[in-house]
Amino acid sequence: MTTEETTMGLRLIVGADEAGVDYKDKVLADLRNDPRVSEVIDIGVNRTDAPNDFTRPYPYVGIAAGEMIRDGKADRAILFCGTGIGVAIAANKVEGIRAAAAHDSFSVERSILSNDCQVLTMGQRVVGVELARRLAKEWIGYTFDPSSASAGKVKVLTDFESC
Ligand SMILES: O=C(CO)[C@H](O)COP(=O)(O)O
């Protein structure tokens, strides 16, 4: 979390395609009860959506979340699809967004401390729901250190994008 996130609380997006909606809803409920989180924005899909919306494919979910972060409407996002890969690829298409699919504690930690990712993605068809819930909780507890040795490596990415 940045200093601002720490002071204000995290503004988080949760989202999923049809294959990830169950995990998205579980994590959403957890985050709504988490004192570190000031706002949770559910970008769907939701079981109550009209059929065309409920089957909204993963690229739309990942891009929508990335654009909201890029536009300052949220700090971070946790997204789900079948594997976590599709929503990560989609979010990474948005300039300035770093999204990682991660299903273990170490990778979840490093996605912040090494890579300053704003987006964590997981696959409902990959890990059990209790692990996904735990990893989401862990992930929001990490804060990137801009004075760390990792910062220069992240800067290579942001500099490349601004070329
Ligand atoms: O996991 C997905 C994309 O990475 C998605 O939930 C399912 O995609 P599909 O295998 O193309 O249906």
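The values are calculated or read from the model by the stated rules, or taken from the named source; none is laboratory data. Being a predicted model, the structure only gives us computed values, none of them experimental. Using ideal geometry, Cβ is built from the backbone for each residue, glycine included, and neighbour counts are taken over all protein chains shown.
Flag not set for D30, criterion: touching a Pro at 6+ places or on another chain (Cβ under 7 Å) and of a type outside the set (S, T, N, Q). Within region 45-75, the set of residues being under 17 Å from R11 (Cβ atoms), surrounded by 19 or more Cβ atoms within 10 Å (Cβ to Cβ) and in contact with a Lys or Arg (Cβ under 8 Å, 6 or more places away or on another chain) comprises G66, I69, A74, D75. Annotation note: Cβ proximity below 6 Å between a residue of region 147-163 that is under 17 Å from V94 (Cβ atoms) and a residue that is among the acidic types (D, E) and surrounded by 12 or more Cβ atoms within 10 Å (Cβ to Cβ) (sequence gap 6+ or interchain) occurs for V154/D116. Please verify whether I43 is among the β-branched types (V, I, T) and either at pLDDT below 95 or away from the ligand (no atom under 16 Å from the Cβ) (or both), treating the condition exactly as stated. Answer is no for this residue.
Applying a threshold of 6 Å to beta carbon distances and a minimum spacing of six or more residues, or different chains, the list of pairs starting in region 79-105 at a residue that is within 18 Å of I140 (Cα to Cα) and ending at one that is of a type in the set (K, R) reads F80/K24.
Here is a yes/no grid of residues against (1) under 21 Å from Y60 (Cβ atoms); (2) within 16 Å of the ligand (Cβ to nearest atom); (3) not in a strand (DSSP E or B); (4) not hydrophobic (A, V, I, L, M, F, W, C):
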{"residue": "G15", "(1), (2), (3), (4)": "yes, yes, no, yes"}
{"residue": "Y23", "(1), (2), (3), (4)": "yes, yes, yes, yes"}
{"residue": "D34", "(1), (2), (3), (4)": "no, no, yes, yes"}
{"residue": "D49", "(1), (2), (3), (4)": "yes, yes, yes, yes"}
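Candidates E109, E130: the one that is of a type in the set (D, E, K, R) and free of Cβ contacts under 8 Å to residues at least 24 places away in the same chain is E130.
Taking the stated definitions as given, is A29 of a type outside the set (V, I, T), touching a Gly at 6+ places or on another chain (Cβ under 6 Å) and part of a helix (DSSP H, G or I)? So A29 does not fit the description; no. In summary, strands (runs of 3 or more DSSP E) completely within region 61-163 and bearing 3 or more residues that are modelled with pLDDT of 95 or more, within 16 Å of the ligand (Cβ to nearest atom) and in contact with a strand residue (DSSP E or B) (Cβ under 6 Å, 6 or more places away or on another chain) occur at 76-81, 119-123.
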